[in-house]
Structure formats: C-alpha cells, structure tokens
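A short write-up of the structure that comes next.
The values are calculated or read from the model by the stated rules, or taken from the named source; none is laboratory data. Quick caveat: nothing in here was measured; it's all calculated off a predicted structure. All Cβ positions, even for glycine, are placed from backbone atoms using ideal geometry, and neighbour counts span all protein chains on display. Ligands, DNA and RNA are excluded from the accessible area calculation, which covers all protein heavy atoms including side chains. Shrake-Rupley method; radii C 1.70, N 1.55, O 1.52, S 1.80 Å.
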Amino acid sequence: MEPLLALIANAKDGTITTLRVADGSLTAVATTAVAPGLPLAVDRDRRLVFAGTSDPTGVSVLRLADDGTLEPLASYPAHGAPVYLTLSSDGGLLFSASYHDHVAEVWQVSAEGGLTPVGEPIRRQNMHSVLLSPDDRFAYFISLRENLVAQFAVGPDGGLAPLDPPTAPAPEGSGPRHLILDAAATSLYVNTEYSGEAVRYRRDPETGTLDVAERVTNIPTDRGLSHSRFGADPRAEDLIWGSDLRLSTDGRRLYSAERTRGTISAVEVAADGTLGRATAHSDVVAQPRHFVVLPDDTLLVASEIDRVVALYRPDADGALTEIARHPVGLGANWIEIL
C-alpha cells in the first residue's frame, strides 16, 4: 500500500493530529490547534480541510501542506455546531449536520475555500449525519431523535428540495446515526445508536428515494447490553451505544462499531447488497467513535477516551488483529485519509 496521511480530529483538545500510515505502521507528522468539535471534510485536489467547531460555532478552513502540517486560512460562522460534514464531489458545496442545534446547512465553496451560506437551514431534531449521492443530485440527512432519513434533491446552487416522500423511516426508538452508500449507490446502510442494528434501504438512483429493505443485529449479543434511549448514559447503565459503520473495499462486509463494550462487528453483504449474518465481533480500542477502512482493507480506529488510534488487520471472517497504535489527542472523533 502507498504511504497515506491520516488526519485525526481530537474533539476535546481542539487539535488535528497528522499521522503517516505505511507498511502497517503509524508515524507522527504534526499536530495543529484549531478549536473543539472537529468533524472533518477534505478536498483532496485542492488540499483544503474543513473542520466543524463548537466553540466558536462554525467551520474552520485549513490548507494541508506537503509535509502534513495544516495552515489555518479562515473561519466562518454556522447556525449550529457541526457534528458531520461532507463535500460534493467537485468540492463546490459543503453540507453539515448539527446534532445539538437541530439544523442542517449548506455552503457554496469558492476556489480558495471561502464559504457562502445557501438558503435557510433545514431544521429537524438531533441531525446526526449527511451523505450525498455520487452524482451530487441527492442529499440524505439523519434525524436521530425523529428516527428518519430526510431526503432531498440538490439544486445546482446547493438549494435543497424535499423528495416525495420527504423522509424514509427508521425503526421506532432505534436512534439512527450514520449512513453510507454501496459502490452501486443502490443500497444505503444506516447504523442505529440505541438498538444495535444495521438497516439497509433500497435506493432508486433516478428518483433518489429510499425504501427499507431489511435490518440485522450488528453488535455482539452475548455482552449483556440493553436497548438504549435518548438522554441515557450508556456506560453507566450498560446500554447499546453504536457509533459508526464502514464497508470493506470490495463491499462484501459491513463493519459497525459499538462504544460501551468497545467492539467492531463484521456482517456479510451479498452481491445484491442484502445484509446477512454477523461473522465476527472484535475487541478494539476503548469507546471507538470513528474508524476508516484503508485501501489494503486494514481498519484505523479512534478512541474517544484513551488518546489513541489503532490499526487492525481483518481475517477472512472480518475478525480484527491489532498491528499498530499511536497516541493522539483527547476525544478523537473523526479520521480522514489522503
């Protein structure tokens, strides 16, 4: 695998750690102070990094230098502190979801990374993530509190128009959290924070609309965890606490992280996108908040509480073996790979 750069956002420290990933090892490159919060989106062609911040509430724009250091360029206010950011494929639009402030926002992005708001914010309870279709025609926002995916057509200027129907339901009380598309963009997968499930939606590429196809358990069932709920303390009450999900490079395995027990589970994915059985449940770093699958199918996983990221190699069933780890900042909650 070619050497990669990993940007690790440390939400509580308000820093971004740059690591080099090569030959199964992790090497420190730089640490940049930004502000607390720090979901990231990266324009790899222009080497621009967008970081959501909670104090102050907004988006900071930085430029990534060849040596891995980050140069702050500007900061822009937002209606809500972003917990999730995503860019359009051409880098011309930036989308955010704000969990605590219950809004979603869109900005036009200039050639130098300047941000101009588009229209009025979309308001739904506890917006947790946003995803664009590969052709940038459709945007999907998850409302955890309302148990739904809000679906929109995206205009040329970034304006959002609700589809018909405007939402696709998630299981009641499940707490949908993050979402990803398969390579064909015909299956959309959502993980649930409270019920420990992966939900697959069939997606019509022409209309952009979603329909629930199936749901499967994506956490260990022998660890004594109970169904969670809004406002609960999962660690104190021993409750399910799902965080993130990713597909393997071939799309045939869905990985899901659970924070209370610190595990990542692997679920089979059929050629048509259908979810199958869980094949492995692996112990990883404590409270895994965010992780990525690298081009060689290894997983880089961040701990929210232990100031560390770790690299894992999967076996044929998706069981993970740690091969490297490296210290980072406190509250590591986002990873971007270049």
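Quick one: Ile305 ticks every box in (1) assigned to a loop (DSSP other than H, G, I, E, B); (2) touching a Lys or Arg at 6+ places or on another chain (Cβ under 8 Å) except a single one, so which number is it? Checking Ile305 against (1) assigned to a loop (DSSP other than H, G, I, E, B); (2) touching a Lys or Arg at 6+ places or on another chain (Cβ under 8 Å), the one that fails is (2). Looking only at the range 270-288, residues that are free of Cβ contacts under 8 Å to residues at least 60 places away in the same chain, at negative phi and open to solvent by less than 70 Å² (accessible area, probe 1.4 Å) come to 8 in all. Is one or more of the residues making up the range 259-273 within 22 Å of Val309 (Cα to Cα), in contact with a strand residue (DSSP E or B) (Cβ under 6 Å, 6 or more places away or on another chain) and charged (D, E, K, R)? Yes, the range 259-273 has at least one match.
Here's the yes/no breakdown for (1) at pLDDT 95 or above; (2) open to solvent by 50 Å² or more (accessible area, probe 1.4 Å); (3) among the hydrophobic types (A, V, I, L, M, F, W, C):
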site	(1), (2), (3)
Thr207	yes, yes, no
Ala213	yes, no, yes
Val216	yes, no, yes
Arg229	yes, yes, no
Glu237	yes, yes, no
Arg252	yes, yes, no
Ala257	yes, no, yes
Gly262	yes, no, no
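Listed here are the residues, each with its yes/no results for (1) of a type in the set (A, V, I, L, M); (2) open to solvent by less than 20 Å² (accessible area, probe 1.4 Å); (3) under 15 Å from the mean Cα position of the chain (by Cα).
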position	(1), (2), (3)
Pro295	no, no, no
Val301	yes, yes, yes
Glu304	no, no, yes
Asp315	no, no, no
Ala319	yes, no, no
Arg325	no, no, no
Gly329	no, yes, no
Ala332	yes, yes, yes
Glu336	no, no, yes
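The residues of the range 12-33 that are open to solvent by 20 Å² or more (accessible area, probe 1.4 Å) and in a loop (DSSP other than H, G, I, E, B), listed by number, are Lys12, Asp13, Asp23, Gly24. A search for C-beta distances below 7 Å between a residue of the range 121-149 that is basic (Lys, Arg) and any residue that is part of a loop (DSSP other than H, G, I, E, B), counting only pairs 6+ apart in sequence or on different chains, returns Arg123/His102; Arg124/His102; Arg124/Glu146; Arg137/Gly208; Arg145/Gln125; Arg145/Asn126; Arg145/Phe230. Among the residues making up the range 1-11, those that are farther than 15 Å from Asn333 by Cα and in a loop (DSSP other than H, G, I, E, B) are Met1, Glu2, Pro3. One residue alone among Leu181, Leu188 is open to solvent by 20 Å² or more (accessible area, probe 1.4 Å) and under 20 Å from the mean Cα position of the chain (by Cα), and that residue is Leu181.
Could you tell me whether any residue of the range 192-199 is crowded, with 23+ Cβ neighbours inside 10 Å, within 28 Å of Val61 (Cβ to Cβ) and not aliphatic (A, V, I, L, M)? No, that holds for no residue. Looking across the range 152-170, the residues that are under 22 Å from Val109 (Cα atoms), touching a residue at least 12 places away in the same chain (Cβ under 8 Å) and of a type outside the set (Gly, Ala, Ser) come down to Phe152, Val154, Asp157, Leu160. Of the residues Phe230, Phe291, the single one that is outside any loop (DSSP other than H, G, I, E, B), on the phi < 0 side of the Ramachandran plot, in contact (Cβ under 8 Å) with a residue 40 or more places away in the chain and among the aromatic types (Phe, Trp, Tyr) is Phe291. The residues listed here are Gly208, Gly251; of these, the one that is touching a residue at least 60 places away in the same chain (Cβ under 8 Å), under 20 Å from the mean Cα position of the chain (by Cα) and in a loop (DSSP other than H, G, I, E, B) is Gly251. If you go through the range 96-119 and keep only what is assigned to a loop (DSSP other than H, G, I, E, B), out of contact with any His (no Cβ under 9 Å at 6 or more places or on another chain) and not small (Gly, Ala, Ser), you end up with His100, His102, Glu112, Val118.
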